[in-house]
Structures are given as C-alpha cells and as structure tokens.
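A short write-up of the structure that comes next.
Please treat every number below as a calculation from the coordinates, not as lab data. Remember, it's a predicted structure, so these values are computed and weren't measured experimentally. As a convention, Cβ positions derive from the backbone with ideal geometry for all residues, glycine included, and neighbour counts pool all protein chains shown.
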Amino acid sequence: TNASLYGLAAILSHRINGENKPVDFISRTLTAAEKNYSHIDKEATAIYWSVKKFFQYLYGTEFTFVTSSKPLQSIFNPEKQLPSITALRLTRYALFLRQFQYKIQHQNVDYFSRAPVLKSNSREIDEIYVIHEVLINQISTSSTITAERIRLETTKDPELVKLKVELSSTPSDQTQYALHQELHDTHIGVVKMKATARSTCYWKNIDKDIESLVRSCAACTQNQKDPKKVPIHQWEEP
C-alpha cells in the first residue's frame, strides 16, 4: 500500500515460488478532508481502505502488509500492544485490523512514485497502429450491415419467411375468443395474463383486449389487490 499528497493505491499479489504475482490493482484520489491528514494518517488510510476493498480475499487468510511507513509497522503490529498515546483515527484502524491474521513489513522503496518509465520501441508502436488501421478499414468496408441488407437476407431464409407470414397474419375472432378464455379461466389477473399471452400468442391490441376482459370480469375485480383503508387517527388537542 502507499499514499501520496493526492491519492491512495494498493496492489494485491500472490507469492508463488518466491515471486509476486499481481492479482488486482486499486487506487483512488483523496477527498478534500483526507488531503488535510498528516502523512502517517494518509498511509494508515491506504492500509485501512485497501483491506476493506480486498476483504473477501483477506478475511480468514494469513497475509502480509508491505508499507513504506516505519511508524505504522509498530502501531499496526498484531503482536504488540497499541501505544498508550495514539491518535484516535489510528486506534480505530488498528482495532479494525485485529480481526485479520496478518504480518506487516516495512519497505523503503516507494514503487508508485519512483517507478521508472521504460523506453518504448517506437517501431513496434508504429506497427501496432498500422495493424489497427487495417482492421478498422476491413470492418468499415466489408462488414457494414444495413437495414436493406437484413431485409434482403431475410427473404432468402425459408424459416424467417414463414415466421414473418405467421406474425403478419391475425387470428380469427373465434380463435381470439378461445385464447381469451384459456388465459382467463384461472383469473390470474391482468399482469400475469399479459405475460402468458406474450409467450404463446399475438395479435394487434392484444393488451387492450385483455385489460377490457379483466375489467368486465366480476371475479377478477374481487380478487385484485385492494389495500385495506386504515382509519385516520386524530391526535387529541392538549
């Protein structure tokens, strides 16, 4: 973990065969109030915040903190008692950390602010840009999908043509009446009737037809949710 004048950052890594393997990286800017913290408070806030963010990975597992703050190594050391004179914020953070199994190490190197900027190979970058341009040109020229193209391809697919015919045709009045009765037999209400209808059948204004049918049904009207009216209580005047 680490803190600067403007933000906090942390790396969660897994040590395998003596080598750290990164799992996740997190960072955030300091709030206006946090910018007024002392540096040790900022470093402590970085530890507290990172543990909360990685709670599901750390709780119940032994892990190691690596911090650049030497005082925090002593204050947050789980094997030592809290100093008798400790700032309230640091005490609160330390008590929070007591629920975890951890060790804390001090490391002088501040990687977040001193990481070297590696020289990049400009030739490789140019080649990447060229590849990107070629791919973009291929997408923009050969894979353009328009409404006209979809319409044309639809007419070539026998199943889609059949589906289009079925959707464009309206059931007869007799069929609509029979479907209405099937949907309405159990008086399940207008919402569930519409949901069932959408998965089984369709015709123009089917929702309005279902609403009209439910309104005209005495059983549906009686069974619909009707919240009980609570009597109004008036406070007695003093």
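Here are the numbers for the structure shown:
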{"read-out": "Pairwise FRET efficiency - residue 33 versus residue 100, Cβ, R0 = 35 Å, nearest 0.05", "value": "0.85"}
{"read-out": "Simple label model, 7 Å out from Cα along Cβ direction - residue 170 to residue 20, nm", "value": "7.2"}
{"read-out": "Distance (nanometres) between label positions extended 7 Å along Cα→Cβ at residue 156 and residue 185", "value": "4.5"}
{"read-out": "Estimated FRET transfer efficiency (residue 88, residue 64; beta-carbon r; R0 30 Å; 0.05)", "value": "0.70"}
{"read-out": "Euclidean distance of C-alpha centroids, region 144-205 and region 1-57, integer Å", "value": "56"}
{"read-out": "Approximate spin-label separation residue 133-residue 236, in nm, with each point projected 7 Å along Cα-to-Cβ", "value": "8.9"}
{"read-out": "Residue exposure sequence - 216, 13 - by fewest surrounding Cβ within 10 Å", "value": "216, 13"}
